1. Only one of these is more than 13 Å from the chain's Cα centre (by Cα), in contact (Cβ under 8 Å) with a residue 40 or more places away in the chain and farther than 20 Å from Phe140 by Cα: Val57, Val36. Name it.
2. Filter the stretch 171-189 down to the residues that are among the charged types (D, E, K, R) and without any contact (Cβ under 8 Å) to a residue 24 or more places away in the chain and list them by number.
3. With (1) surrounded by fewer than 18 Cβ atoms within 10 Å (Cβ to Cβ); (2) more than 16 Å from the chain's Cα centre (by Cα) as the list, and Arg5 as the residue in question, which single condition is left unmet?
4. Quick one: is Ser12 hydroxyl-bearing (Ser, Thr, Tyr), in contact with a Lys or Arg (Cβ under 7 Å, 6 or more places away or on another chain) and either over 23 Å from His94 (Cα atoms) or not in a helix (DSSP H, G or I) (or both)?
5. Looking only at the stretch 108-136, how many residues end up being within 27 Å of Arg68 (Cβ to Cβ) and either within 11 Å of the chain's Cα centre (by Cα) or not polar (S, T, N, Q) (or both)?
6. May I ask you to list the residues in the stretch 137-194 that are farther than 22 Å from Cys10 by Cα, part of a loop (DSSP other than H, G, I, E, B) and of a type in the set (A, V, I, L, M)?
7. For the stretch 143-162, indicate whether the set of residues that are in contact (Cβ under 8 Å) with a residue 12 or more places away in the chain, surrounded by 15 or more Cβ atoms within 10 Å (Cβ to Cβ) and closer than 24 Å to Val62 by Cβ is non-empty.
8. Looking only at residues in the stretch 3-27 that are touching a residue at least 40 places away in the same chain (Cβ under 8 Å) and β-branched (Val, Ile, Thr), which one is farthest from Ser169 (Cα to Cα)?
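All of the numbers you see were taken from the coordinates with simple rules; none came from a lab. Keep in mind the model is a prediction, meaning the values are calculated, not measured. Every residue, glycine among them, receives a Cβ derived from its backbone with ideal geometry; neighbour counts consider all protein chains shown.
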Amino acid sequence: MSISRVCVFCASSTQVHPEYFDAANRLGKELAKEGVTIVYGGGGAGLMGEVATSALVQGGQVIGILPRFMSDLEWGHTGLTELKLVDNMRERKHMMIENVDAVIALPGGCGTLEELLEVITLKRLGIFLKPIILVNVRDFFNLLIEMLNQCINERFMNEKHKSIWSVTSKAEEVIETILNAPKWTASSRNFATL
């Protein structure tokens, strides 16, 4: 599998622990170094801005997908390779995962979690088939993973659904984690409701 384009979900908050910014910085650099284009939400603040800027400084390609109302509020990153404006959040999510080789989630708030859970759902239904990587900085995703495992334990999801996502704690291991992620096919629909 070759990796040329990934979607990164992450936060816009500027108030978070410095370790989150460090991970975002290292992820942006690592993806740029490997020649991987980043598609993300287009923001200029928080981890969003950190991922984008660190990749751009390394000569990487970064495509932002930003709702027009956020552009009107001047929330967009001003130095991207390309910035695409869309009408709403739903269109943004759809475009962010279109034609990517993987989705990477850094820690974030309700927006990041909503994006992540939607793509997990799409993968469960055999609509999105690419790796989904959680970058578990400061054990941020532990409770979400525990909740998903509880869904499996209570039979709201199938045991096989544990293969939908992969986890690493280090930005430098993201590429390797993508390459080693379990393969997923549209046949997953056969057990989506089991």
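1. After ruling out the rest, the residue left standing is Val36.
2. Within the stretch 171-189, Glu173, Glu176, Lys183 meet the criteria.
3. (2)
4. Taking the combined requirement at face value, the residue does not satisfy it.
5. Number satisfying all stated conditions: 15.
6. Result: Met157, Ala192, Leu194.
7. No: the stretch 143-162 contains no residue that is in contact (Cβ under 8 Å) with a residue 12 or more places away in the chain, surrounded by 15 or more Cβ atoms within 10 Å (Cβ to Cβ) and closer than 24 Å to Val62 by Cβ.
8. The selected residue is Ile3.
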